[in-house]
Amino acid sequence: MNSVFNTVMREHGRQSVLGGAAMALKKAYNAAKSDCAEHLTKILGPDDPLPAGFLQKTKSEEVIMCICGLHVEEGLMVQCGGAKCGVWQHARCMRVADTRAPHYCHHCRPHQVDREIPLDDYTEDGHQFYLSLMRGDLQVRQGDTVYVLRDIPIDDKHPDVSQKNGDKTDSPKTKRIERKKLKNIGKGKSEDAAQNKDGEVRKHTYQTIGEIAVSELDIFRVERLWKHKQTQERYVYGHHYLRPHETFHEPTRKFFHNEVMRVPLYEAVPIELVMSQCWVMDLNTYCKGRPVGASEQHVYICELRVDRTARLFTKVSRPKYPICTKPYAFDTFPHRLKATRTYAPHEVSPEYLKPRGKSAAPAEKNKITSNKDTKKKITPLAVADSSKVN
């Protein structure tokens, strides 16, 4: 039953109606098992104990559930005073000035919270870094992996879906700075040159593109976020991941069906190009379970990294942003998965492969024998023809 409840919470999210109902049923179900455990033990007797895992561990664990989405103890922490809650949150994220006053989390006492959390860190040009920023209704956090929209111009093939009346004039939603210009900003070059009229191009954003296949999007790891001190434009900075077919490798090389490779291609892009969230994790964590709220079709494995040319493969020693596997943030599978590399994006048909080893010997022998027989047959004919000429 717990597996059913965990699946519903994972697919629909704990904040949804179904997810909240599943979480409440799970608590009631486990509480009922605890109440009936003694009675069941008497019925079964000493020779037939309760199954292993029938009762959940009652060890109390401190739960960190902050609006920033990071389940780590960092800086000054405040605890919710709600009945049967007691979750811990970062005082910086919740803007708590007086830690002596009673504090209640945003679940116990719903109220407006600002999820754009500034850091006491700035770029060389004075732009402030943030722990998380909002892109519409999506919260983009430091360490997240997201889908990023490629440079797609607005044309008849890819129209602007935000303009329902068919008007093709410029709108604020389609004005953004070129990605190459952003690289120059990161290197400390002139911002005026990057923000001229040439930088404003009519290319798609998350508001104008409409529905698009995930395969047409880039997978991107967010490492830094900042906001422009004057224009308040939001940017994300990080590196890309490549899919197997985007690398150079032998045709016989196998991959996981959802494997990606880390590539040292760093870029700063406007937050308007972020489409949605995805999850990239190491193989061990992937086989263990899924983060709460993760959708299976958007989960990827990363065990390798490639160089800039996408030719040299090396193993990733340790993930820079590990996923929290505590019970309140991670749904563990009842049985560990067994993943194997079976996907070959450039697999060659066996009939085109060059035979190797002993299997090739008979074929070559038959070929040589047939050549000798042909020569023997041709020789007498050639002599006969020459005698006629003489």
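The values are calculated or read from the model by the stated rules, or taken from the named source; none is laboratory data. All of these numbers come straight from a predicted model, not from anything done at the bench. Please note: Cβ atoms are built from the backbone with ideal geometry, for glycine as well, and neighbour counts cover all protein chains shown.
The numbered conditions (1) loosely packed, with under 12 Cβ neighbours inside 10 Å; (2) over 27 Å from the mean Cα position of the chain (by Cα); (3) β-branched (Val, Ile, Thr) are all true for VAL72 except (2). Residues of the stretch 86-109 that are in a strand (DSSP E or B) and at pLDDT below 90: none at all. Among residues that are in contact (Cβ under 8 Å) with a residue 60 or more places away in the chain, surrounded by fewer than 16 Cβ atoms within 10 Å (Cβ to Cβ) and within 30 Å of GLN207 (Cβ to Cβ), GLN139 is not included. Taking the stretch 293-343 and the strands (runs of 3 or more DSSP E) fully enclosed by it, the elements with 1 or more residues that are in contact with a Phe, Trp or Tyr (Cβ under 7 Å, 6 or more places away or on another chain) are at 299-306. When the stretch 269-279 is filtered for residues that are part of a strand (DSSP E or B) and under 13 Å from LEU149 (Cα atoms), the ones remaining, listed by number, are VAL269, PRO270, VAL274, MET275, SER276, GLN277. The requirement of being among the small types (Gly, Ala, Ser) and modelled with pLDDT under 90 is fulfilled nowhere in the stretch 328-335; no residue meets it. For the stretch 203-223, a residue qualifies if it is polar (S, T, N, Q) and not in a loop (DSSP other than H, G, I, E, B), and exactly one does: SER215. Would a scan of the stretch 160-175 turn up a residue that is at pLDDT 55 or above and touching a Pro at 6+ places or on another chain (Cβ under 9 Å)? Looking for residues that are at pLDDT 55 or above and touching a Pro at 6+ places or on another chain (Cβ under 9 Å), one finds none in the stretch 160-175, hence no. Pairing residues of the stretch 331-348 that are over 30 Å from GLY19 (Cβ atoms) and of a type in the set (Phe, Trp, Tyr) with residues that are at pLDDT 90 or above and not in a loop (DSSP other than H, G, I, E, B), at Cβ distances under 7 Å and at least 6 apart in sequence or on separate chains, gives TYR343/PRO244; TYR343/PHE255. If you scan the stretch 245-274, which residues turn out to be of a type in the set (Phe, Trp, Tyr) and touching a residue at least 60 places away in the same chain (Cβ under 8 Å)? The answer is PHE248, PHE255, PHE256.
The combined condition, being at pLDDT below 90 and surrounded by fewer than 18 Cβ atoms within 10 Å (Cβ to Cβ), is not fulfilled by TYR266. Only one of the listed residues (ALA382, ALA361) is among the hydrophobic types (A, V, I, L, M, F, W, C), farther than 26 Å from LEU242 by Cβ, surrounded by 10 or more Cβ atoms within 10 Å (Cβ to Cβ) and modelled with pLDDT under 90. That residue is ALA361.
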